[in-house]
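The values are calculated or read from the model by the stated rules, or taken from the named source; none is laboratory data. Keep in mind the model is a prediction, meaning the values are calculated, not measured. A quick note on method: Cβ atoms are made from the backbone with ideal geometry, for glycine too, and the neighbour counts reach across all protein chains shown.
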Amino acid sequence: MNQNVTRRAWLRSLAVAAAVAAIGTAGSAAAQQTLKFGLAMPLTGSQSSYGKDQIKATEWAVADINAKGGVNGKKLEVIVLDTQADPTVGINAVNRLVNVDKVPVFVTAWSAVVKAVAPIANREKVLELSIGANSPDIAKLGDYVYTAFPLADVDVAALANYTFSTLKHKRVAVVYINNDTGIEAAKVYKSVFEKAGGQVVAYETYDPKATDFTGMLLKVRTANPEFIHLHGLVSDMPIVISQMRQLGMQQRVSTYSGGLNQQMIEKAGKGAEGLIVTSLAPNAQQNKNVGPYIERWKKAENRIPNGLPYTQYLYDAAYLVAALYEYVENNKLPATGENMRKALLAVKTFELPMTGRLVMNDDHTVRKPVNLVTVKNAEFVPLATVE
Amino acid sequence: MEYIYSVLILIGIYTIMAASFNLIIGYGGLISIAHPIFFALAAYASALLNLRLGVPIPLAILIGALFSAGMSVMLSLPSLRVSGDYLLIASIGFQLGFIEVIKNIEFAGAASGLTGIGSLYSGPTRSLAFTVTVLVAAAAVVWLVHWLTHGEYGRAIQAMRDDEECFASLGRNAMAIKITIFAVGSGLAGLAGALYAHYFQFLSPEQFGIVQSALILTMVVVGGMGTTLGPIVGALLLTALPQAITFLNMPPSVMAPVQGMLYTGLVLVFLFVRPAGLVGKKAGQ
Amino acid sequence: MFDLPVLLQILWTSVATSTCYVLFAVAFALTLKVAQVWNFVQAGTMGLAFYAMFAAMLGWGWPHPAGFAFGLGIAVAVSMAVEVWGYRVLRRRRSSALLLFIFAIVVAEFIAYLLSLVFGTEPQSLTKSLTSEVYLVGGVAISSWDLNALAVTAAACAALFAFLRFTRQGQFLYAVADNGDLAELYGISANRAYLIAMVIAAALVSVGVYLYGTRASMIPNAPLELMLLAVIATILGGIGSLVGAGVAAVFLSVLQSASILVIPSQWQSSLTYFVLFAVILFFPTGFRVPAWLRRR
């Protein structure tokens with residue numbers, strides 16, 4: 001009796017596995033004529049509000065490129081898979097992209113995912129473009145990992161220098177979330193600020209799941225800083241700021257581009273006035289394509305995108321990939337990861353519609369001018385630009 | 001083909017996890033959900049031994065597994081002294097506590113994760129070699145669990161579960177058996193963890209939370225608790241099934257929650273319709 | 001750092017914040033005491049209550065009392081369903097504690113996935129703005145949220161106490177908690193007691209998530225983590241003691257906040273788990289509350 005049960009169970013499981021294999025190979029046999037690239041982003045999970053908008057931006061760009069004839073007449077195709085901003089899911093997604101969909105290049109973001117999939121990119125010789133993650137380690141993840149987005153040592157450093165030199169604050173406090181987003185950026189801020197000659201009087205962290213920051217904020221308050229740099233996520237930063245104000249801390253606060261989100265103003269209310277946020281993408285005054293782009297969002301979705309600057313980079317990602325394909329096509333090279341990488345290093349300088357000029361440095365990074373934006377009367381307005 | 005290898009490797013690793021968890025919970029009757037943390041401890045230990053101290057990987061894997069087995073005593077000894085129920089709660093605290101600790105340890109990569117871990121094999125046949133290794137290890141583990149639970153030792157375990165007081169009165173040490181089972185199970189989980197580390201070459205503390213615990217529990221329950229082949233069936237089904245679902249071309253934004261609902265729904269159905277799992281004896285047989 | 005206003009501030013805010021956790025802990029302790037079940041489904045109830053309120057208040061624009069009532073209704077309905085079609089069935093089959101545990105956790109997860117499917121996974125709150133009016137009393141900032149939360153929680157606990165102490169059904173709950181089979185012999189319906197315990201727990205957590213949602217953001221997976229503190233508080237307070245659970249919840253909250261004074265901030269969250277572990281090692285039956293205080 002037991003044997004029959006076991007046999008049935010085996011057959012059931014084997015049937016499932018066979019179905020997987022069949023569907024998998026069938027799927028990849030279709031559509032060989034398009035120029036493919038992968039996009040591994042969080043479609044679900046706590047970061048999906050950013051991920052979905054970024055994916056949409058890329059998809060729009062792909063449609064725009066194809067509407068103008070594609071690359072040398074061939075259509076560009078983006079294959080989107082969900083990572084949930086989680087390394088394990090990300091590994092799975094990229095495995096699929098590389099081994100089943102056979103893309104020669106893929107775009108991904110969120111530092112944990114970028115790092116987790118780096119071994120795959122390096123082993124399989126597929127070009128990994130990190131766009132949006134900012135951990136400084138990304139520059140050193142391997143031969144096939146490049147970032148087309150400035151890492152934390154660009155915008156956080158600019159912020160620290162601006163706070164010291166222009167705002168003339170000598171004593172700051174750094175408050176950061178205790179995960180990879182916060183820990184590394186906080187280190188960058190501290191070292192840059194101290195190198196400029198300033199003093200970091202308080203350096204405190206908080207748990208991503210905490211909702212009561214009183215104790216930690218009181219410690220910061222006791223240190224009496226002139227200014228506070230906060231590095232967290234949109235789910236906690238407004239709460240930290242509002243609790244800060246409630247404890248009588250009126251110092252001005254700065255944060256990175258993750259704070260360029262309407263929720264910051266909504267949830268923190270008046271406490272958000274004066275908030276300084278970085279933006280690594282040009283605004284409508286600096287780049288004539290950005291205005292119409294924002295209008296397009298308002299028409300399609302009735303709002304501005306979450307993390308507008310990131311979406312600009314993701315829009316340009318399609319153009320970047322198109323440029324790589326163009327090089328490869330023009331030089332009659334097969335579209336492999338190796339050649340994509342070669343293309344990247346050969347072309348080196350790209351003129352992209354939403355973010356302007358992109359120069360890929362030899363150290364696998366890019367540098368960009370940093371826009372500073374501030375909150376005035378419950379609106380984000382430009383403040384300054386740091387080269 | 002690469003993709004199929006990686007799925008097979010995952011199935012193998014989860015089979016080891018499920019089989020060792022089955023040993024602990026199905027045969028030993030010890031309710032703990034901290035299984036993933038022993039996976040993690042060995043994974044980190046092995047990765048770091050190799051990365052920072054240059055220990056050759058096969059040896060590092062072995063030491064990692066032993067490390068997990070040893071650490072398990074830290075959990076089982078104090079909790080079992082009190083009662084079985086406490087093991088459950090203590091295991092939750094142990095797992096989450098250690099995740100927090102790892103998140104704060106710099107040389108283990110802290111919250112950003114540990115990158116650049118050495119690979120057990122390299123070169124063009126890497127994936128094939130890994131697949132063979134992992135599947136052989138999985139088979140060995142399943143056989144080991146079977147051997148442990150069906151010989152004389154197995155009868156002792158059975159007797160202990162059936163009537164612990166009687167068992168103790170006969171002079172057998174229930175506590176020692178429980179701790180041993182827990183250590184063996186945890187050590188095997190550690191083996192899976194170390195293999196995982198040297199294949200995927202990346203570890204991050206978020207990967208070892210309660211979600212993982214629930215996943216392994218599901219595999220054991222659906223496959224059939226307290227059976228030899230149950231864990232294999234469970235691991236196979238629950239690793240292959242989500243992969244299959246991703247090929248169904250559902251809009252990606254609903255895929256993850258639907259997948260989750262399918263899993264958990266599956267367990268609930270099994271709990272009520274067929275609590276013995278796919279491989280277990282049907283009620284009344 | 002150790003001056004009085006700072007200490008008072010930490011004390012005040014951590015006690016005020018602990019209110020939600022008190023409710024979660026007492027609810028969990030109640031179902032454990034009466035039904036002897038580790039009701040992890042509570043996490044699912046919490047999630048459903050929150051998102052129901054969210055849908056009503058921010059989706060359909062209902063005023064808060066109506067939205068709360070809606071959430072409460074959903075929570076109670078779900079709890080009853082879980083008890084009648086879940087626990088009761090498994091109990092009748094004499095299922096092992098393990099099976100009940102698996103059932104509870106899996107239902108909670110199922111609900112979390114369902115919620116993330118319907119509502120997405122972005123952080124949501126029950127009010128647009130999370131700030132409230134602040135009054136300064138002797139250097140200590142007291143927000144109106146704090147005052148509301150304390151008042152509401154005190155009222156809820158008082159109501160629970162009154163019910164348990166002064167009504168017959170409340171007494172029956174104790175009888176069943178003590179010895180279900182014996183109570184049955186006396187004509188007390190154990191099943192009814194289990195159901196009532198679940199309903200009360202649902203009501204308590206509804207209040208709890210309302211408070212939480214007006215102060216912080218929630219995602220579908222959050223309740224499972226919030227439950228952790230409830231479970232730890234229940235053990236710390238002594239299994240079987242509702243007062244213990246509540247007091248332990250406050251204690252843990254204060255401990256976590258005050259710990260900043262002596263340990264670096266990154267170890268704050270680990271503290272709770274170490275406390276749990278220490279408790280298991282040294283106080284497995286919870287802190288001993290003096291007998292005269294421990295009437296229940």
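Among the candidates A:Val347, A:Val328, A:Val290, A:Val375, the residue that is on the phi < 0 side of the Ramachandran plot, under 20 Å from the mean Cα position of the chain (by Cα) and surrounded by 14 or more Cβ atoms within 10 Å (Cβ to Cβ) is uniquely A:Val290.
Regarding A:Leu151, is this residue buried (at least 24 other Cβ atoms within 10 Å of the Cβ), over 20 Å from A:Val220 (Cα atoms) and more than 14 Å from chain B (Cβ to nearest Cβ)? The answer is no for A:Leu151. Scan segment A:124-138 and give yes if some residue there is surrounded by fewer than 24 Cβ atoms within 10 Å (Cβ to Cβ) and at the interface with another protein chain (Cβ under 9 Å from one of its Cβ atoms), otherwise no. Checking segment A:124-138: at least one residue is surrounded by fewer than 24 Cβ atoms within 10 Å (Cβ to Cβ) and at the interface with another protein chain (Cβ under 9 Å from one of its Cβ atoms).
When the helices (runs of 4 or more DSSP H) confined to segment B:158-240 are screened for residues that are under 27 Å from A:Ile91 (Cβ atoms) and free of Cβ contacts under 8 Å to residues at least 60 places away in the same chain, those reaching at least 3 such residues are found at B:210-223. Looking only at segment C:71-86, residues that are β-branched (Val, Ile, Thr) and over 19 Å from the mean Cα position of the chain (by Cα) come to 1 in all. Out of curiosity, is B:Arg155 part of a helix (DSSP H, G or I) and free of Cβ contacts under 8 Å to residues at least 24 places away in the same chain? The answer is yes for B:Arg155.
Scanning segment B:79-104 for residues that are over 20 Å from B:Gln212 (Cβ atoms) and surrounded by fewer than 18 Cβ atoms within 10 Å (Cβ to Cβ) turns up B:Arg81, B:Val82, B:Ser83, B:Gly84, B:Asp85. Among the conditions (1) crowded, with 24+ Cβ neighbours inside 10 Å; (2) of a type outside the set (A, V, I, L, M, F, W, C); (3) not in a helix (DSSP H, G or I), the only one that B:Gly29 does not satisfy is (1).
Residue-wise test of (1) in contact (Cβ under 8 Å) with a residue 12 or more places away in the chain; (2) surrounded by 19 or more Cβ atoms within 10 Å (Cβ to Cβ); (3) within 24 Å of the chain's Cα centre (by Cα).
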position: C:Arg88; (1), (2), (3): yes, no, yes
position: C:Leu98; (1), (2), (3): no, no, yes
position: C:Ala104; (1), (2), (3): yes, yes, yes
position: C:Tyr113; (1), (2), (3): yes, yes, yes
position: C:Leu126; (1), (2), (3): yes, yes, yes
position: C:Asp146; (1), (2), (3): yes, yes, yes
position: C:Thr153; (1), (2), (3): yes, yes, yes
position: C:Ala158; (1), (2), (3): no, no, yes
position: C:Thr167; (1), (2), (3): no, no, yes
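Of the residues screened, A:Glu184 is one that is within 19 Å of A:Val370 (Cβ to Cβ) and either among the acidic types (Asp, Glu) or in a helix (DSSP H, G or I) (or both).
Being out of contact with any strand residue (DSSP E or B) (no Cβ under 8 Å at 6 or more places or on another chain) and free of Cβ contacts under 8 Å to residues at least 24 places away in the same chain is the requirement here; does B:Gly29 meet it? Walk me through how you get there before you give the answer.
Working: out of contact with any strand residue (DSSP E or B) (no Cβ under 8 Å at 6 or more places or on another chain): yes; free of Cβ contacts under 8 Å to residues at least 24 places away in the same chain: no.
In short, no.
Residues of segment A:132-173 that are among the aliphatic types (A, V, I, L, M) and part of a loop (DSSP other than H, G, I, E, B): A:Ala133, A:Leu141, A:Ala148, A:Leu151, A:Leu167.
If you go through segment A:293-313 and keep only what is over 19 Å from the mean Cα position of the chain (by Cα) and in a loop (DSSP other than H, G, I, E, B), you end up with A:Asn302, A:Arg303.
Closer than 30 Å to C:Met218 by Cβ, touching a Ser or Thr at 6+ places or on another chain (Cβ under 9 Å), modelled with pLDDT under 95 and assigned by TED's automatic domain parsing to the domain that holds A:Gly73 - does that describe any residue in segment A:318-331? No, segment A:318-331 contains no residue that is closer than 30 Å to C:Met218 by Cβ, touching a Ser or Thr at 6+ places or on another chain (Cβ under 9 Å), modelled with pLDDT under 95 and assigned by TED's automatic domain parsing to the domain that holds A:Gly73. May I ask you to verify whether C:Ile111 is more than 7 Å from every other protein chain (Cβ to nearest Cβ), among the β-branched types (Val, Ile, Thr), more than 16 Å from C:Tyr210 (Cβ to Cβ) and assigned to a strand (DSSP E or B)? Answer is no for this residue. Look at (1) within 14 Å of chain B (Cβ to nearest Cβ); (2) in contact (Cβ under 8 Å) with a residue 12 or more places away in the chain; (3) within 24 Å of C:Thr17 (Cβ to Cβ) and you find that A:Asp180 fails only one, number (3). When you scan segment A:96-112, do you find a residue that is modelled with pLDDT of 90 or more, within 13 Å of chain B (Cβ to nearest Cβ) and assigned to a helix (DSSP H, G or I), even just one? Yes, segment A:96-112 contains a residue that is modelled with pLDDT of 90 or more, within 13 Å of chain B (Cβ to nearest Cβ) and assigned to a helix (DSSP H, G or I).
Conditions (1) surrounded by 15 or more Cβ atoms within 10 Å (Cβ to Cβ); (2) hydroxyl-bearing (Ser, Thr, Tyr); (3) within 14 Å of another protein chain (Cβ to nearest Cβ), marked per residue:
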site: B:Gly113; (1), (2), (3): yes, no, yes
site: B:Arg126; (1), (2), (3): yes, no, yes
site: B:Val132; (1), (2), (3): yes, no, no
site: B:Val141; (1), (2), (3): yes, no, no
site: B:Cys166; (1), (2), (3): no, no, no
site: B:Ile179; (1), (2), (3): yes, no, no
site: B:Ala194; (1), (2), (3): yes, no, no
